[in-house]
1. Checking the condition more than 22 Å from Ala146 (Cβ to Cβ), at pLDDT 85 or above and among the acidic types (Asp, Glu), which residue from Glu51, Glu90 passes?
2. Kindly indicate which of Ser135, Ser36 is hydroxyl-bearing (Ser, Thr, Tyr), touching a helix residue (DSSP H, G or I) at 6+ places or on another chain (Cβ under 6 Å), in a loop (DSSP other than H, G, I, E, B) and at pLDDT below 95.
3. For the stretch 58-66, does any single residue satisfy the condition of being of a type in the set (Gly, Ala, Ser) and open to solvent by 60 Å² or more (accessible area, probe 1.4 Å)?
4. For Leu77, which of the numbered conditions (1) touching a His at 6+ places or on another chain (Cβ under 8 Å); (2) more than 21 Å from Gly150 (Cα to Cα) fails to hold?
5. Please specify each residue of the stretch 138-152 satisfying the condition of being charged (D, E, K, R) and not in a helix (DSSP H, G or I).
6. Please list, ordered by residue number, the helices (runs of 4 or more DSSP H) wholly in the stretch 48-120 having 1 or more residues that are free of Cβ contacts under 8 Å to residues at least 12 places away in the same chain and among the aromatic types (Phe, Trp, Tyr).
7. How about the stretch 94-108: which of its residues are of a type outside the set (Phe, Trp, Tyr) and either over 11 Å from the mean Cα position of the chain (by Cα) or surrounded by 15 or more Cβ atoms within 10 Å (Cβ to Cβ) (or both)?
8. Say we look at the stretch 109-120 and pick out the residues that are in contact with a Lys or Arg (Cβ under 9 Å, 6 or more places away or on another chain) and open to solvent by 30 Å² or more (accessible area, probe 1.4 Å); which of these is modelled with the highest pLDDT?
Amino acid sequence: MRRMTRASSYVIVVACLALAATSSSRQAQSQPAASSGPAKLDYAFFKAKVEPVFLTKRLGHARCVVCHTLNNAPFHLVPLSAGSTSWNEEQSRQNFELVQRVAAPGFMESPLIKHPLAQEAGGDPHHGGGRQFASEADPDWLTLKAFVSGATEK
């Protein structure tokens, strides 16, 4: 009788485990698929679209590169090589690493997009270089926003 009870116990345990596994499997199938994770910053988009924003002269303002290669602020850019009008591949990769100090993927409050935006348009009040972008409709500001949002170069 004791053997029968022990065998029955094993059968019951196995049956319970099988039932639990089946139930978990059904639950997992009914759940929506998880997203692929947070946005990521795309190097190709950065190099093709964002770096030119840092080199653009805007009326009444210095180019971003002028101050942000000399300052000791959280946002720093690698200086251009003598006589160059753009960064080489190694410099661009360094800039991409540096910009991640102020650009958190998917975070629309990132300093990269809030800091140079006019306070009246939702930017923060502290930018020694003035308001580079008067509104959120500025094409260059939209480029920075797209970058932080995870845009990719096609």
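1. Working: Glu51 fails: more than 22 Å from Ala146 (Cβ to Cβ).
Going through Glu51, Glu90 in turn, the sole match is Glu90.
2. Numbers: Ser36 fails: touching a helix residue (DSSP H, G or I) at 6+ places or on another chain (Cβ under 6 Å).
Only one candidate passes the filter, namely Ser135.
3. We begin by selecting, within the stretch 58-66, every residue of a type in the set (Gly, Ala, Ser); these are 60, 62.
Retained after the next criterion (residues that are open to solvent by 60 Å² or more (accessible area, probe 1.4 Å)): 60.
Within the stretch 58-66 (the criterion being of a type in the set (Gly, Ala, Ser) and open to solvent by 60 Å² or more (accessible area, probe 1.4 Å)), the answer is yes, since at least one residue qualifies.
4. So the condition that Leu77 fails would be (2).
5. Restricting attention to the stretch 138-152, the residues satisfying the condition of being charged (D, E, K, R) are 138, 140, 145.
Passing the criteria: only Asp138.
6. Values: elements: 51-55, 64-68, 89-99, 111-114.
No helices (runs of 4 or more DSSP H) qualify here.
7. Once the filter is applied, which keeps residues that are of a type outside the set (Phe, Trp, Tyr) and either over 11 Å from the mean Cα position of the chain (by Cα) or surrounded by 15 or more Cβ atoms within 10 Å (Cβ to Cβ) (or both), the stretch 94-108 yields Gln94, Asn95, Glu97, Leu98, Val99, Val102, Ala103, Ala104, Pro105.
8. So, considering only residues that are in contact with a Lys or Arg (Cβ under 9 Å, 6 or more places away or on another chain) and open to solvent by 30 Å² or more (accessible area, probe 1.4 Å), the one modelled with the highest pLDDT is Pro111.
The values are calculated or read from the model by the stated rules, or taken from the named source; none is laboratory data. Quick caveat, the model's predicted, so the values are computed rather than measured. Heads up, the Cβs are rebuilt from the backbone with ideal geometry, glycines too, and the neighbour counts pull from every protein chain shown. Ligands, DNA and RNA are excluded from the accessible area calculation, which covers all protein heavy atoms including side chains. Shrake-Rupley method; radii C 1.70, N 1.55, O 1.52, S 1.80 Å.
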